[in-house]
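**Q** Structure incoming, see below.
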Amino acid sequence: MTVLFDLVLCALMLLAALAAIGGRGLFRATVFFVAYGITVALAWVRLGAIDVALAEAAIGAGLTGLLLLGAVARLRRAGAPEFPVRAGLVPALAAAGVAGATGWVALRVPGAGGLWTEAGEALPLSGVENPVTAVLLNFRAWDTLLESIVLLAALLAVWALAREEEWEAPVGPPLHARPGGVLEGMARLLPPVGIVVGVFLVWAGASQPGGAFQGGTVLAAVGLIAALAGLVALPRPDSGSWRTALAAGPAVFLLVGASGLALGGLLLFPPDWAKAMILTVEVFLTLSIAATLALLVLGPPQPRRMP
Amino acid sequence: MTGEVALAVLLLGPLLAALGCLLAGRQGSTVALLALIAGAAAVVVLWDGMLRTGPIEVRLGGWGAPLGIVLRADGLAVGFLAAAVVVMGAVWAVARHDFATPRARDVFWPSSMLLWGALNAIMVSRDLFNLYVGLELLTLTAVAMVALGRGPGAIEAALRYVLYALMGSLVYLLGVVLVYHGHGTLDLDRIAAGRSGADALALGLMTAGLAIKTALFPFHAWLPPAHAGAPSPASALLSALVPKAGFVMLVRLWFEAMPDATPPAALAVMAALGAGAILHGGLMALRQERLKQILAYSTVAQLGYLFVMFPLVGGAGAGTAGAAEAWAGTQIGAFSHALAKAAVFLCAALWIRAIGSDRLADLAGLARAMPLSCFAFGMAAVSLMGLPPSGGFIAKYLVMRASFELGLPGWGLVLAAGGLLAAAYFYRPLAALFAREPPRVQRTPRLLEAVPLALALAAAALGVLSQPAYDLLQAGAPAYARGIGP
């Protein structure tokens with residue numbers, strides 16, 4: 001039964017991918033891209049990687065899908081001609097060749113096994129019970145620290161797209177939701193639930209799947225819904241409080257990492273304090289990830305033209 | 001412990017400074033300056049400590065491989081850390097005047113600090129995935145700087161850069177996955193200790209990905225528009241430092257992690273691509289009408305020089321004095337290219353400020369109005385051509401000597417051809433600068449002109465101080481390049 005499910009899932013994944021690059025216009029491509037992201041998330045569930053599945057669904061399918069839909073809408077508003085989304089023959093052959101070779105080697109070469117044993121042995125010293133969180137925030141904290149800053153670099157790149165005279169404008173496109181409409185109703189209803197889910201994901205991350213990235217994404221989505229409905233004013237890129245929100249997580253992470261020098265080593269989390277240190281980092285990281293992702297989706301500052 | 005603190009200053013310092021710049025707004029350049037001063041001191045401490053006790057290793061979080069990430073500051077790493085801090089300092093001095101508007105200032109200062117932090121992280125990392133994260137950070141900050149350029153051309157260049165770079169990242173990451181599958185570790189030294197049937201494909205994929213990121217011919221199409229389109233002080237960082245990160249990663253992969261997976265034919269292919277870059281970049285540079293485009297194509301060519309090393313260090317000559325010479329020569333070449341290319345791009349920055357254009361025709365006669373920066377440009381060009389006295393000359397001399405000693409004179413001749421091409425494509429801007437025509441310029445402070453001059457002089461000094469550089473590069477060098485008979 002599970003084999004059948006897996007086969008159907010694989011078939012759906014391939015079909016969604018093919019449909020996305022099948023050349024039927026940008027909007028369809030985006031819709032199938034989101035569908036593809038959802039099937040990939042399901043595949044991660046089947047592989048037992050719930051954390052990755054959550055991240056894929058939230059960021060890979062959700063926020064990326066939203067970004068792409070926004071881009072499609074912008075192209076339409078600008079009157080850009082619809083251009084074909086179609087994979088060329090040479091790239092398709094190259095991709096198929098690489099995929100084939102990788103698959104063949106992966107099947108033929110025996111795996112060395114992961115680091116389950118080592119991670120299991122070190123887990124009691126890590127301060128958390130979820131091995132994924134232990135890897136992300138303790139064993140390989142340096143990677144995660146850099147990743148959290150990669151988001152900020154991406155935001156800077158997006159902001160660089162603004163023109164000099166637009167810097168005074170609020171971020172994101174001009175939005176007008178109908179007062180008392182469905183969107184506004186949703187935007188009043190969803191945030192309380194979303195905030196609880198987001199905070200729970202961060203807190204649960206210590207012992208179960210979840211964590212700062214997943215929780216931050218949910219919070220970003222909550223903020224975006226409220227912003228789309230016009231319930232919160234969009235900030236300018238030079239807003240001091242928003243910049244503090246962007247910097248707080250990485251800053252706390254960096255300071256906690258540097259404090260390790262006094263405790264015996266760079267990025268060292270002594271077992272007794274590890275849990276408190278990791279939770280502190282995660283709380284601030286969630287805030288910054290939520291702020292960064294929301295601003296990334298909103299895009300560069302754009303002047304509001306009077307109608 | 002001192003070494004660990006110095007490394008912390010160089011790794012966490014720039015990142016903290018980037019956040020500080022973001023919050024400081026108008027005071028961003030001051031925050032950056034503080035980080036640069038601390039970073040320069042840390043480089044001195046690392047260099048000194050390494051010469052006394054050998055490469056400095058840090059196991060982050062106390063875990064060590066395979067569970068955690070190991071950092072190591074060896075000679076190669078410290079050399080690039082030093083080059084990076086010097087170039088960053090010079091760019092700081094010019095950028096402080098160039099990025100005055102709120103948007104440019106607010107994007108440039110945090111991005112430049114992040115770029116520096118990412119470079120430092122890559123130079124000392126011993127972990128394939130950590131290297132990937134560092135490279136992503138480096139690329140995104142570089143893209144942000146390209147997008148800061150003016151006009152739709154800059155945005156198109158930035159977009160093209162992103163697409164190429166993402167392609168490179170994905171291909172590299174696929175290789176990393178295969179390595180982890182085969183070795184069960186991401187640590188360079190542990191990978192070197194074992195062997196897996198997946199090595200050849202993994203190395204091929206990672207090399208292809210990094211070749212795109214390093215703009216190795218024929219994957220270089222993204223570089224000229226990006227480096228020519230970015231604001232000039234940013235171009236100096238992009239051309240002098242950013243592609244070297246991918247190069248260092250390639251060197252670590254080919255000569256430290258997987259020395260057994262590299263057959264002689266593959267080494268020759270890498271050098272052949274380098275030769276292609278030298279010829280193509282040189283010929284294209286000859287045909288450009290704008291200074292920054294000449295300099296960008298010159299970077300394509302100069303990156304090619306670095307890959308001629310591969311068959312000389314690996315292959316039959318591995319472990320001989322010739323291999324050690326090729327190794328040292330190539331890295332000294334990379335350092336002097338960093339200094340000299342930053343110098344010429346900063347000259348371009350000053351000239352664009354003064355005359356509002358970088359067309360060769362508009363540069364005519366500039367040497368009368370701005371003699372100091374024109375002299376700096378000439379000095380840097382001498383190093384980039386590989387003429388004495390300069391780091392560029394010593395680099396080329398060492399690699400050419402190695403190629404003759406090892407019985408592979410063809411590669412040496414390619415270097416000579418590259419030198420001739422460089423002389424030809426630098427002749428045109430130099431001839432324009434020193435033409436007898438009165439230029440119309442806005443005044444530029446002499447002190448600003450001294451900044452590229454200092455870099456050009458540093459590139460020249462590398463030619464005289466090649467022995468300390470050679471000693472530095474021998475510290476922790478792979479067995480291939482240690483210069484002890486086999």
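Bear in mind that the values in this text are calculations on the coordinates, not laboratory data. Quick caveat: nothing in here was measured; it's all calculated off a predicted structure. Methodologically, a virtual Cβ is constructed for each residue, glycine included, from the backbone with ideal geometry; neighbour enumeration extends over all protein chains shown.
**Q** For the stretch A:81-174, which trypsin sites (Lys or Arg not before Pro) are both in a DSSP coil and crowded by at most 14 other Cβ atoms within 10 Å?
**A** Answer by residue number: A:R163.
**Q** Which shape class, rounded, prolate or oblate, goes with the stretch B:279-486 when its Cα gyration tensor gives a ≥ b ≥ c as root eigenvalues, a/c under 1.5 marks rounded, and past that a/b bigger than b/c marks prolate?
**A** prolate
**Q** Still on this structure, I have one more. Plugging the Kirkwood radius over Cα pairs into Stokes-Einstein for the stretch A:200-307, at a temperature of 4 °C and a viscosity of 1.567 mPa s, what D comes out in µm²/s?
**A** D = 84 µm²/s.
**Q** How many percent of Cα pairs in chain B exceed 28 Å? Display every interim value, and only then the final one.
**A** On the way: 56129 of 117855 pairs.
Considering chain B, 48 percent of its Cα-Cα pairs are separated by more than 28 Å.
**Q** Across the residues of A:259-267, average count of Cβ atoms on other protein chains within 10 Å?
**A** Whole-number average of other-chain Cβ neighbours for A:259-267 is 5.
**Q** Only Cα pairs within less than 10 Å get springs; with that Gaussian network setup on chain A, which residue of A:M277, A:M186, A:M13 has the largest fluctuation?
**A** A:M186
**Q** Please report Rg (one decimal) and Dmax (integer) in Å for the Cα set of the stretch A:1-111.
**A** Using the Cα atoms of the stretch A:1-111, the pair Rg, Dmax is 16.3, 54 Å.
**Q** Can I ask one more? Please identify every one of the GluC sites (Glu not before Pro) in the stretch A:49-149 that sits in a loop by DSSP and has no more than 15 other beta carbons within 10 Å of its own beta carbon. Provide the component values of the computation, followed by the final result.
**A** Working: sites: A:E56, A:E82, A:E118, A:E121, A:E129, A:E147; in loops: A:E82, A:E129.
Answer in residue order: A:E82, A:E129.
**Q** Put +1 on the Cβ of every Lys and Arg and -1 on every Asp and Glu Cβ in chain A; which of A:G260, A:P235, A:F32 then has its Cα farthest towards the positive end of the dipole?
**A** Selected residue: A:F32.
**Q** Divide by every residue of chain A the summed helix terms, -39500 (n - 2.57) for each DSSP H run of at least 4, and state the resulting mean residue ellipticity at 222 nm, rounded to the nearest 500 deg cm²/dmol.
**A** On the way: 12 runs with 207 residues, N = 307.
For chain A, the value works out to -22500 deg cm²/dmol.
**Q** Rounded, prolate or oblate: which one fits chain A, using the alpha carbon gyration tensor with axes a ≥ b ≥ c (rounded when a/c is under 1.5, else prolate when a/b beats b/c, else oblate)?
**A** oblate
**Q** Pairs of Cα atoms under 8 Å, at least six residues apart: use those to get the relative contact order of chain A, whole percent.
**A** Across chain A, relative contact order equals 21 percent.
**Q** Please work out the Cα center distance from the stretch B:284-299 to the stretch B:5-59, rounded to the nearest Å.
**A** One Cα centre to the other: 34 Å.
**Q** To the nearest 20 debye, what charge dipole does the stretch A:1-111 have about its Cα centre, counting +1 at the Cβ of each Lys and Arg and -1 at the Cβ of each Asp and Glu?
**A** Magnitude of the dipole: close to 400 debye.
**Q** Continuing with this model, one more query. What ranking do A:98-106, A:232-240, A:196-204 get when scored by the average of other Cβ atoms within 10 Å per residue, highest first?
**A** Ranked from most to least packed, the peptides come out as A:196-204, A:232-240, A:98-106.
**Q** Now, a different point. Using a simple charge model, +1 on the beta-carbon of Lys and Arg, -1 on the beta-carbon of Asp and Glu, nothing else, what dipole does chain A show about its Cα centre, in debye to the nearest 20?
**A** Values: 17 positive and 17 negative charges, 228 e Å.
Computed charge dipole of chain A: roughly 1100 debye.
**Q** Quantify how strongly other chains surround peptide B:172-181 by giving the mean number of their Cβ atoms within 10 Å of each of its Cβ atoms.
**A** So the per-residue partner count for this stretch is 3.
**Q** Could you state the number of Å between the C-alpha centres of the stretch A:78-133 and the stretch B:212-240?
**A** Taking the Cα centre of each part, the stretch B:212-240 and the stretch A:78-133 sit 28 Å apart.
**Q** Provide the descending list of Cα extents for the protein assembly as shown along its principal axes, expressed in whole angstroms.
**A** 73, 65, 57
**Q** Moving to a separate point now. Looking only at other chains, what is the average number of their beta-carbon atoms within 10 angstrom of each beta-carbon in A:132-140? Could the numbers behind the result be given before it?
**A** Numbers: counts 0, 0, 1, 2, 0, 1, 4, 7, 11.
What the average comes to for A:132-140 is 3.
**Q** Decide, for the stretch A:80-124, between rounded, prolate and oblate: order the square roots of the alpha carbon gyration tensor eigenvalues as a ≥ b ≥ c, take rounded if a/c falls under 1.5, and otherwise choose prolate if a/b is larger than b/c, else oblate.
**A** Working: a/c = 9.47, a/b = 2.09, b/c = 4.54.
Judged from the Cα gyration tensor, the stretch A:80-124 comes out oblate (a/c at least 1.5, b/c at or above a/b).
**Q** Taking only C-alpha pairs under 8 Å that are 6+ residues apart, what is the relative contact order of the stretch B:208-308 in percent?
**A** 37
**Q** What does the charge count near A:R140 come to, summing +1 for each Lys or Arg and -1 for each Asp or Glu among other residues with Cβ under 11 Å from its Cβ?
**A** Spelling it out: positives minus negatives among the neighbours equals -3.
**Q** When the dipole is taken about the Cα centre of the protein assembly as shown, and only Lys, Arg (+1) and Asp, Glu (-1) are charged at their Cβ, what size is it in debye, to the nearest 20?
**A** Computed charge dipole of the protein assembly as shown: roughly 2160 debye.
**Q** Still on this structure: Which whole-angstrom value gives the distance between the alpha carbon centres of the stretch A:28-68 and the stretch B:416-486?
**A** 49
**Q** Just need the relative contact order of the stretch B:118-231 here, percent rounded to a whole number, with Cα pairs under 8 Å and 6+ apart. Intermediate results must be reported in sequence, preceding the final value.
**A** On the way: 147 pairs, mean separation 36.8, N = 114.
Relative contact order for the stretch B:118-231 comes out at 32 percent.
**Q** Would you compute, from DSSP H runs of 4+ residues alone, the mean residue ellipticity of chain B at 222 nm, taking -39500 (n - 2.57) per run and dividing by the full residue count, rounded to the nearest 500?
**A** -25000 deg cm²/dmol
**Q** Hey, in the GNM for chain A with a 10 angstrom Cα cutoff, which one of A:T217, A:T117, A:T30 fluctuates hardest?
**A** Of A:T217, A:T117, A:T30, the most mobile in the Gaussian network model is A:T117.
**Q** Related question: Loop-only trypsin sites (Lys or Arg not before Pro) in the stretch B:106-182, please: DSSP not H, G, I, E or B, and at most 15 other Cβ atoms within 10 Å.
**A** Taking the stretch B:106-182 and a limit of 15 other Cβ atoms within 10 Å, the loop trypsin sites (Lys or Arg not before Pro) found are B:R150.
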